[in-house]
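The values are calculated or read from the model by the stated rules, or taken from the named source; none is laboratory data. Note that the coordinates shown come from a computational prediction; the quantities given were computed from them, not determined experimentally. Glycine gets a Cβ as well: all are built from the backbone with ideal geometry, and neighbour counts include every protein chain shown.
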Amino acid sequence: MTDFLARAWLCLMLTASAFPALAQEEEPPAEDQQLMVDPAFSDDPDAVVPAEPSAAERQRAAEAARGPETARGNGAQLRGLDKITGRTEDFDLAVGQTVAFGRLEVSLAECRYPAADPSSDAYAELTIIDRRANARLFSGWMIASSPALSALDDSRYDVWVLSCNRA
């Protein structure tokens, strides 16, 4: 038993002594990787402080952050899938309209599309209710180009946006 305890103590000591040595070994940055230092906090008097962006640059940045300009559609085309039967169904909904799909009730509040390229994408604000459970399963925006980004979470049904009907 004493031999076992001595071996365990030796292994513990060897392991514990290896970790501080590993922590101290730090590789210097590669030649092509330089540390980025803000010139405003530099001790170097020759450091260049970046200029403030111009009004045009700020406007372009704000437009890019907002995303593309959109136009409102007067309706949307949706597709529903019953995962058990494999049946798909396409529906055309007008804004404000509700349609039944199986035990679901799908309502369209708004549909938007990029004004510059109407066929490229569609954004639909939907509310999907399970009529049997009287529970809201989905409420929000679905995006045609990224259906998994904001999707209906139901064990039997899938619903997604195909396109907006242009006004």
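Values computed for the structure shown
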item: Test: residue in region 85-101 that is aromatic (F, W, Y) and at pLDDT 95 or above; result: yes
item: Residues being of a type outside the set (K, R), within 14 Å of V161 (Cβ to Cβ) and touching a residue at least 40 places away in the same chain (Cβ under 8 Å) - total across region 79-100; result: 4
item: Residue within region 60-72 that is of a type in the set (D, E, K, R), at pLDDT 95 or above, farther than 25 Å from N165 by Cα and surrounded by 10 or more Cβ atoms within 10 Å (Cβ to Cβ) present; result: no
item: Pick from region 86-108, criterion aliphatic (A, V, I, L, M) and out of contact with any Lys or Arg (no Cβ under 9 Å at 6 or more places or on another chain), ranking: surrounded by the fewest Cβ atoms within 10 Å (Cβ to Cβ); result: A94
item: Residue list for region 114-167, restricted to those being exposed (fewer than 12 other Cβ atoms within 10 Å of the Cβ), over 19 Å from the mean Cα position of the chain (by Cα), assigned to a loop (DSSP other than H, G, I, E, B) and not small (G, A, S); result: D117, R131, R132, N134
